[in-house]
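Participant: One structure, pasted below without further comment.
The values are calculated or read from the model by the stated rules, or taken from the named source; none is laboratory data. Keep in mind that what you see is a predicted model, and the values were worked out from it rather than measured. Note that we place each Cβ from the backbone using ideal geometry, even for glycine, and neighbour counts take in every protein chain shown.
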Amino acid sequence: MTRRIGRGIGITVRHSVQSIVQLIARLIARHSVGLIVGLVLSCAMLGCIVKRVIGPQLTGTCDGACAHYTQCKPGHGEALRSRCLAECPDVFSDRDSLMAFESLTCDDAVEYVDGNVAKTAVHR
């Protein structure tokens, strides 16, 4: 198929649809490693941006609330987590209150559980 393009410039294009598809396939094959690496990097960066914008993942469960608390507490250990999991159902009555606790800053979460004098870990 010959097609004249441009307004009287005299440029002709001699490619069939099949040859254009073959050209695109060769370009993709030649640059596929770069495309894959670029796609992976883009997804990784997007994941970081979305996490930064959305904030922490809120579960609305005692497991999630205790994970947040022990992450914020310096020197946290399994004993602290076990105690938290045992006391959590008595303190929080529903999913919304658990999600509200999970959304607290570390300082506020530890203060809520331990009172004013507790020290918190730096949470990043």
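Participant: Just one of ALA100, ALA65 is among the aliphatic types (A, V, I, L, M), in a helix (DSSP H, G or I), touching an Asp or Glu at 6+ places or on another chain (Cβ under 9 Å) and at pLDDT 85 or above; which is it?
Facilitator: Numbers: ALA100 fails: touching an Asp or Glu at 6+ places or on another chain (Cβ under 9 Å).
Among ALA100, ALA65, only ALA65 is among the aliphatic types (A, V, I, L, M), in a helix (DSSP H, G or I), touching an Asp or Glu at 6+ places or on another chain (Cβ under 9 Å) and at pLDDT 85 or above.
Participant: Still on this structure: Name the residues in the range 37-62 that are at pLDDT 75 or above and part of a helix (DSSP H, G or I), would you? Outline the logic, then answer.
Facilitator: The first filter runs over the range 37-62 and keeps only residues at pLDDT 75 or above, leaving 37-38, 40-42, 57-62.
If the condition is that a residue be at pLDDT 75 or above and part of a helix (DSSP H, G or I), then VAL37, GLY38, VAL40, LEU41, SER42, CYS62 are the ones that fit.
Participant: Of everything in the range 53-73, what is closer than 16 Å to TYR112 by Cβ and either touching a Cys at 6+ places or on another chain (Cβ under 7 Å) or touching a residue at least 24 places away in the same chain (Cβ under 8 Å) (or both)? Give them in sequence order. Walk me through how you get there before you give the answer.
Facilitator: Filtering the range 53-73 down to residues closer than 16 Å to TYR112 by Cβ leaves 56, 58, 62, 64-73.
Residues satisfying the conditions are PRO56, LEU58, CYS62, GLY64, ALA65, CYS66, HIS68, TYR69, THR70, GLN71, CYS72, LYS73.
Participant: To continue, here is another question. Quick one: would you say ALA86 is of a type in the set (Gly, Ala, Ser), modelled with pLDDT of 90 or more and assigned by TED's automatic domain parsing to the domain that holds ASP107? Quick ask: steps written out before the conclusion?
Facilitator: Numbers: of a type in the set (Gly, Ala, Ser): yes; modelled with pLDDT of 90 or more: yes; assigned by TED's automatic domain parsing to the domain that holds ASP107: yes.
Judged against the criteria, ALA86 is a match.
Participant: Next question, about the same structure. Tell me which residues, restricted to the range 68-97, are surrounded by 14 or more Cβ atoms within 10 Å (Cβ to Cβ) and not in a helix (DSSP H, G or I).
Facilitator: Passing the criteria: LYS73, HIS76, PHE92.
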